[in-house]
Every structure is written in structure tokens, then in C-alpha cells.
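None of the figures in this text is laboratory data; all of them are computed from the coordinates on show. Here the structure is a predicted model, which is why all the values come from computation and not from measurement. All Cβ positions, even for glycine, are placed from backbone atoms using ideal geometry, and neighbour counts span all protein chains on display.
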Amino acid sequence: MTRIKQIFTHTRLVGVVFNSCRRFHAELVRPESSGLPIIHHDKYVCELPPSHRFPMGKFPRVLHFLLKDQVITEKQVWAPEIASKDLLSCVHSEEYLKTLLNGTVHEEEQRRTGFPWSQDLVRRCRYETGGTVLAAEVALQRGLACSTAGGTHHAFPGYGSGFCLLNDLAVAAKCSMRSTKRKVLIVDLDVHQGDGTAFIFKEEPHVFTFSMHCGKNFPLRKQQSDLDVSVEDGVEDKEYLATVNAHLPRLLETFRPDLVLYDAGVDPHWEDELGRLRLTDQGLYQRDLYVIKTAVSRGIPVATVIGGGYSQDLDKLALRHSIVHRAATKVWNDCEL
Ligand SMILES: [Zn+2]
């Protein structure tokens with residue numbers, strides 16, 4: 001454990017300066033460590049038309065359950081700033097950002113994202129992206145940080161898709177590489193392929209995209225990640241965990257990332273409305289614990305996002321999404337970060 005501490009202390013001493021992310025630095029001036037950093041903003045959420053299938057209400061409930069169950073205290077909560085247009089332009093095209101921010105998105109485009117355009121929706125996505133950027137930055141300083149949103153991996157540079165308007169993982173990865181060319185490993189265990197992220201980084205040697213997903217699930221047309229692991233419908237805990245185990249340590253040892261961005265989507269759960277796998281709550285907890293511990297025990301900082309999860313029972317879903325924060329808390333305490 002001492003070794004882990006030394007590595008992270010060293011990371012702090014050498015400083016973390018992102019040219020494009022200076023706006024977040026004020027947030028980092030916290031003299032005392034007050035437990036695992038949880039990144040959350042009230043504006044992670046917005047109104048949707050009644051009976052819209054996206055479970056928007058899950059975001060505040062994740063924080064609610066973490067506080068209610070005394071997994072965290074309010075002192076641990078860090079609020080991100082909204083992602084600026086300048087920041088987003090490191091991934092997204094000028095034209096796309098213009099239409100998105102000005103509300104001139106065509107109806108066909110709106111259908112592809114699954115969301116009717118609104119100012120509040122765009123604001124929500126920008127805060128969510130700011131949250132993932134802050135989680136990455138804080139993780140580099142403290143070893144581990146978890147947002148209560150994020151994982152919008154279907155967004156491409158020039159268009160949104162599948163409930164994803166902005167690719168927060170890609171913006172955070174670009175941002176953390178900008179000044180020092182850090183190497184970033186994106187571990188995407190959402191049940192759907194991280195197609196947008198794979199496309200964005202297909203020719204970027206400093207970012208490795210690892211997507212493990214259900215092969216028969218959305219998107220129909222897959223992109224090529226640096227490593228795609230496609231699993232069959234109906235896979236259960238044991239086989240799933242063995243598959244993660246078969247790849248992750250090797251990736252960490254060969255690619256040797258400076259940061260892991262972990263998309264802990266809960267849609268591989270057996271009750272998920274859009275997943276086709278059969279993981280249990282315990283399986284998700286074991287998965288999250290394994291991913292975080294395997295990286296952190298090697299001195300590699302981890303920032304987590306919640307990824308996808310679909311259920312009409314918002315409390316049940318939010319509790320499921322809070323599994324990653326519970327697993328991260330265990331690693332934080334065990335590793336004395
Ligand atoms: Zn998903």
C-alpha cells in the first residue's frame with residue numbers, strides 16, 4: 001500500500017496542468033483529503049417529455065442513495081463546471097457544436113439520439129462532460145474519483161447517437177493528454193459497444209479503447225476498438241468475470257496507461273431493459289471491484305462513470321448504478337488512498 005501512496009503522491013507533486021482545463025483548477029484547491037471524491041452536479045438532470053424511455057431521474061437518485069446509505073458524506077462531493085465549447089471542440093466538430101448549442105439540430109438527428117432537443121438537455125450533457133473531465137483530473141491527483149453520470153460513448157465527432165450527444169469519455173481522455181501526452185486506457189464494460197469512442201481514437205496511439213459488450217446488441221454496425229471482446233447473449237457472472245480477468249491485467253501491463261477511464265455501465269444486468277446478459281448485482285460489484293483494484297494496486301489512477309442502465313424502476317436502477325461507487329469506496333479504504 002505504501003508503494004501506491006508514493007506513486008500518487010508523486011503524481012500530485014509533479015502537478016496536473018491541462019491547458020484547456022484550467023477552469024477546473026479552483027475546484028482542486030482542497031487542503032484536506034475528505035474521502036473518495038464523488039463528482040456530481042444538480043444539473044446532470046433535465047426534464048424530458050412524459051413517458052420518455054430514458055430514465056433521466058436516475059442521476060440525482062444515485063447521489064441520494066450514496067448519502068442515505070452512508071457510503072459517502074456530502075464533504076466528498078465535488079461539483080464540476082459546465083464544459084465550454086472550446087473544451088468540447090477537442091473532440092467534436094465546429095459544425096456539430098454549432099447546431100447543438102444553437103438548437104438547429106434536424107429532426108432526423110434528434111431521432112438518432114433518442115432525445116428531442118432542448119436547451120436544458122444540452123446543458124445537462126455539458127455538465128456531465130465537465131464531470132467526467134473533473135473526475136479524470138481529480139483521479140490523477142488522488143488516485144481514484146467517481147462521477148454520478150457519464151459514459152456517453154455512442155457520440156461521434158459530428159453527430160450524436162443512442163442517447164449520447166457529447167462523448168464525455170473522449171473529451172476527458174483528450175483533455176488529460178493535452179499537455180503531457182499521458183496514455184489513457186478506456187475500459188468500457190457497458191453492454192453496448194463504445195463505438196463513438198473507438199472511432200474517435202482509432203488513430204491515436206496514446207489512447208487504448210477496450211470495449212467488452214454483447215455482440216448482438218446496439219449498435220448494429222460496430223466500430224473497431226483497439227480491443228473488442230464480444231460476448232454472447234445470456235452470459236452470467238462467472239463467465240463474464242473470467243473474460244474481464246483474461247484481458248485487463250495484460251492490457252495494464254503492456255499498454256501501461258497513466259490513467260484508466262472506466263465506464264461501469266450496469267446494462268449487462270439480468271433485469272436491464274436493453275441488455276441481453278445475465279449479470280447479478282453481486283456480479284456487477286465483483287466486476288467493478290476487480291477493475292478498480294487491478295488498476296489502483298498497480299499505481300494507475302482510475303476515474304469512473306456510470307454508463308448505461310435502463311429500468312422504469314428508478315430507485316432500483318439508481319441503487320444498481322451506485323454499485324461502482326460502493327466498490328470504489330472499498331478500494332479507497334483498503335488502499336488507504
Ligand atoms: Zn449501454
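Suppose the chain between N102 and S51 were pulled fully straight at 0.36 nm per residue; how much longer would it get relative to their current alpha carbon spacing?
Here the segment from N102 to S51 would lengthen by 15.8 nm.
State which entries of K202/K316; K216/K316; K68/K98; K98/K222; K43/K216 exceed 31 angstrom in Cα-Cα distance in the structure shown. Intermediate values should be presented prior to the final figure.
On the way: K202/K316 36 Å; K216/K316 25 Å; K68/K98 40 Å; K98/K222 27 Å; K43/K216 34 Å.
From the list (K202/K316; K216/K316; K68/K98; K98/K222; K43/K216), the Cα-Cα distance tops 31 Å for K202/K316; K68/K98; K43/K216.
How big is D for the chain, in µm² s⁻¹ as a whole number, if Stokes-Einstein is applied with the Kirkwood radius of its Cα pairs at 25 °C and 0.890 mPa s?
Roughly 126 µm²/s, to the nearest whole number.
Would you kindly state how much longer the chain becomes between W270 and K75 on full extension, computed as 0.36 nm times their sequence separation minus their alpha carbon distance, in nm to one decimal?
66.8 nm
Cut-off is 10 Å between beta-carbons; in what order do D233, D272, D188 appear when sorted fewest neighbours first?
Going from least to most buried by this count: D233, D272, D188.
Run the quick spin-label model on S89 and K181: label points 7 Å from Cα toward the beta carbon, then report their separation in nm to one decimal.
So the two model labels end up 2.5 nm from each other.
Beta carbons within 10 angstrom, averaged per residue: use that to sort the peptides 99-110, 314-325, highest first.
Descending mean neighbour count gives 314-325, 99-110.
What is the calculated FRET efficiency for Q224 to D120, with r their C-beta to C-beta distance and R₀ = 35 Å, to the nearest 0.05?
With a Förster radius of 35 Å, E is 0.50.
Using a cut-off of 16 Å between alpha-carbon atoms, which lysines can reach K293, once sequence neighbours fewer than 8 places away in the same chain are excluded?
Reachable lysines: K5, K330.
Sorted by average packing, counted as other Cβ atoms within 10 angstrom per residue and highest first, what order do 276-287, 154-165, 297-308 take?
Highest to lowest by the protection proxy: 297-308, 154-165, 276-287.
Ranking D120, D267 by Cβ neighbours within 10 Å, fewest first, what do you get? Walk me through the numbers on the way to the answer.
On the way: D120 13, D267 24.
Placing the least packed residue first, the sequence is D120, D267.
If one computes the Cα centroid of region 156-231 and of region 55-82, what distance in Å separates the two points?
The two parts, judged by their Cα centres, are 25 Å apart.
Once you have the Cα-Cα distance between N245 and K202, take 0.36 nm times their residue separation minus that, and quote the gain in nm to one decimal.
13.1 nm
What share of the DSSP beta bridges in the chain is antiparallel, in percent to the nearest 5?
On the way: 1 of 29 bridges.
Roughly 5 percent of the DSSP beta bridges within the chain come out antiparallel.
Report relative contact order for region 135-292 in percent, whole number only (criteria: Cα-Cα under 8 Å, sequence separation at least 6).
The value is 22 percent.
Please sort 206-218, 84-96 by packing, taking for each peptide the average over its residues of neighbouring beta carbons within 10 angstrom, highest first.
Highest-to-lowest ranking by the protection proxy: 206-218, 84-96.
Using only DSSP helix segments of four residues or longer, with each worth -39500 (n - 2.57), what per-residue ellipticity at 222 nm results for the chain after dividing by its residue count and rounding to 500?
After summing the helix terms and dividing by the residues of the chain, the value is -13000 deg cm²/dmol.
Over region 2-334, what relative contact order in percent results from Cα pairs under 8 Å that are six or more residues apart?
Relative contact order comes out at 20 percent.
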